[in-house]
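These notes are about the structure you will find just below.
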2 protein chains.
Amino acid sequence: MERMTVIAACQLALSVGDVAANRAAAAAAVAEAAGHGADLVVLPELCDTGYVFSGLAEARALAAPAADNPTLRAWRALSMQYATVVAGGFCELGEDGRLYNSAAVVAGDEVLAVYRKAHLWDAEKLVFTPGDGPPAVVSLPFGRVGLMICYDLEFPEWVRLAALGGADVVAAPVNWPAFPVPAGERPADVVRVQAEAGMNRIFIAVADRCRAERGVTWVGGTVIVGPDGYPLAGPVTADRQAVLTAPCNLAEARDKALSTRNDVLTDRRPALYGPVTQ
Amino acid sequence: MERMTVIAACQLALSVGDVAANRAAAAAAVAEAAGHGADLVVLPELCDTGYVFSGLAEARALAAPAADNPTLRAWRALSMQYATVVAGGFCELGEDGRLYNSAAVVAGDEVLAVYRKAHLWDAEKLVFTPGDGPPAVVSLPFGRVGLMICYDLEFPEWVRLAALGGADVVAAPVNWPAFPVPAGERPADVVRVQAEAGMNRIFIAVADRCRAERGVTWVGGTVIVGPDGYPLAGPVTADRQAVLTAPCNLAEARDKALSTRNDVLTDRRPALYGPVTQ
């Protein structure tokens with residue numbers, strides 16, 4: 001934990017259904033990030049298939065099982081070639097025949113975790129089944145990487161679970177649809193991630209996307225936030241591709257102290273929080 | 001719920017131990033807010049006694065029981081005189097002889113709620129006993145007012161409890177000590193409140209203070225945030241007194257929808273959040 005860990009978050013232009021081009025965009029971004037010494041590269045949500053499906057049939061035709069998955073195979077090869085960890089979203093065909101909006105952490109030719117998005121956004125409910133597991137937390141040589149996807153971040157309980165699970169950094173593949181932002185304001189999605197990083201004293205690396213897809217535009221909010229809640233790189237907030245990198249001292253995320261008498265986790269009053277689970 | 005509710009948040013210059021002057025500052029602020037048509041006026045934390053006590057003895061000498069309290073009596077008179085609701089912090093001597101960092105909602109000559117801060121900051125732990133109750137939520141003609149104090153806001157579980165309890169607006173008396181803020185950034189305290197308002201689709205009105213007290217300086221972050229997570233008034237972020245007002249359609253806080261298929265409360269997965277209470 002002594003050395004700096006270089007985290008990269010990649011904002012990609014993806015295109016629904018053009019899996020080969022999307023994989024190529026991801027590979028190029030990983031290569032660029034590796035050129036900046038990235039130990040961990042975060043890619044967007046559903047970054048193999050694109051997002052704005054015409055419906056279940058289109059998504060199903062593009063999905064693949066986690067166990068035999070061309071996207072994960074490609075990331076395994078990238079993880080070996082560049083000696084880096086890849087975390088990104090893919091369209092999973094479950095062994096139960098259902099579709100999941102999933103993400104994986106891949107390192108050293110291995111898929112270390114597959115996480116299924118637990119909170120589904122809008123038309124995703126017509127296509128995907130929500131996951132029933134907690135946010136993934138994976139131990140790596142440089143620290144512990146948590147994993148959740150897009151709308152999951154809007155549930156502070158979820159980020160808290162990752163922090164309680166020991167995550168030093170949350171890797172968050174997203175596709176943030178754009179909403180109006182008042183003049184002079186930072187998009188609410190970015191503000192939320194800043195707050196959650198600060199409240200849990202963790203790093204959060206968000207990889208968003210760009211380029212309108214079937215009429216949907218994106219925040220382009222790719223950002224890497226430190227445990228004090230301030231951005232270390234980004235937010236991009238522009239409709240262009242970007243590979244952000246930031247050297248992060250992940251040991252900072254192990255220190256939950258705010259003062260000599262305060263700690264963001266031990267100051268919690270969990271016995272009073274019961275109604276949150278009802 | 002049809003008419004706009006005018007919410008006021010008052011940033012006051014307080015002075016530890018100078019209770020008469022502090023009460024006068026609060027009275028002047030309530031008068032000014034009422035002049036702007038305020039239905040609800042939020043005052044800072046410990047706004048009768050000041051904050052930076054030399055120790056328990058000084059605080060004890062300044063505290064008074066909720067049942068017979070000069071500060072609450074003054075607010076009752078103000079609530080009658082100006083036909084407004086007052087929510088603010090005071091230094092409470094409990095019937096158990098302990099001190100509490102408390103806040104009250106006062107309306108129509110009545111004390112409708114007394115809430116004791118559940119999460120104590122730094123040297124408060126040497127002076128105060130933490131409360132064991134949930135955030136207060138009070139029903140008023142214009143809507144439901146939640147009440148919590150300063151460091152409570154750093155626990156997203158707490159704001160969620162207020163939202164689950166039906167709060168349309170959270171009144172938050174605070175004394176936010178200043179920490180370094182990177183150039184061009186908004187203070188993390190304000191960012192956090194924005195995120196919590198947005199994640200719960202509620203209004204949050206924060207009343208901070210100003211003027212250094214025994215070497216402690218303040219964010220001066222008084223702000224009124226709407227349920228979209230963007231400020232409606234403020235943040236002040238300056239070391240001066242201010243009375244912010246914003247007309248708020250509290251009915252917006254009853255609409256938790258983010259899309260035709262999404263709702264910030266019903267999209268929660270409470271069965272998966274159990275570890276948050278452990």
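One table, with the values for the structure above:
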| read-out | value |
| --- | --- |
| For segment B:255-270 and segment A:233-250, distance of Cα centres in Å | 29 |
| Nm distances between copies for residue A:183, ranked from closest, using label points 7 Å along Cα→Cβ | 2.5 |
| Beta bridge orientation in segment A:125-278: antiparallel %, DSSP, nearest 5 | 65 |
| Cα centroid separation - segment B:179-227 against segment A:105-176, whole Å | 29 |
| Charge dipole magnitude, Cβ of K and R +1, D and E -1 - chain A, Cα centre, debye nearest 20 | 240 |
| Theoretical ellipticity at 222 nm over chain B - DSSP helices of four or more residues, -39500 (n - 2.57) apiece, nearest 500 | -7000 deg cm²/dmol |
| Simple spin-label estimate for residue A:28 and residue A:57 in nanometres, 7 Å along Cα-Cβ | 3.3 |
| Note, ³J(HN,Hα) from phi for segment A:131-140, Karplus 6.51, -1.76, 1.60, rounded to Hz, x at Gly and Pro | x, 10, x, x, x, 5, 9, 10, 8, 10 |
| Teacher prompt: residue B:35 distances to equivalent labels in other copies, 7 Å Cα→Cβ, nm | 6.2 |
| Dipole in debye (nearest 20) - segment B:117-246, about Cα centre, beta carbon charges: Lys, Arg +1; Asp, Glu -1 | 200 |
| Those aspartates and glutamates that a straight Cα-Cα span of less than 16 Å connects to residue A:125, excepting residues fewer than 8 apart in one chain | A:45, A:58, A:92, A:152, B:263, B:267 |
| Residues whose placed amide H lies under 5 Å from that of residue A:128, excluding near-sequence neighbours | none |
| With at most 12 other Cβ atoms within 10 Å, longest stretch of chain A clear of loop trypsin sites (Lys or Arg not before Pro) (DSSP) | A:4-213 |
| B:80, A:199, B:4, reordered so the largest accessible area comes first (probe 1.4 Å) | B:80, B:4, A:199 |
| DSSP-assigned coil residues among GluC sites (Glu not before Pro) in segment B:1-100, each with at most 10 further Cβ atoms within 10 Å | B:2, B:95 |
| Label 7 Å beyond Cα on the Cβ vector: residue B:54 copy-to-copy distances, nm | 7.9 |
| Nearest-10 value in Å² for the accessible area of residue A:255, using the 1.4 Å probe | 90 |
| Options B:83, B:114, B:72, ranked by Cα towards positive dipole end of segment B:68-116, top entry (Cβ charges) | B:83 |
| Compactness of the protein assembly as shown - radius of gyration and Dmax, Cα, Å | 24.3, 74 |
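The values are calculated or read from the model by the stated rules, or taken from the named source; none is laboratory data. Please read these numbers as outputs of a predicted model, since none were measured by experiment. As a convention, Cβ positions derive from the backbone with ideal geometry for all residues, glycine included, and neighbour counts pool all protein chains shown. Please note that ligands, DNA and RNA were not included when accessible areas were found on the heavy atoms of the full protein model with its side chains. Shrake-Rupley method; radii C 1.70, N 1.55, O 1.52, S 1.80 Å.
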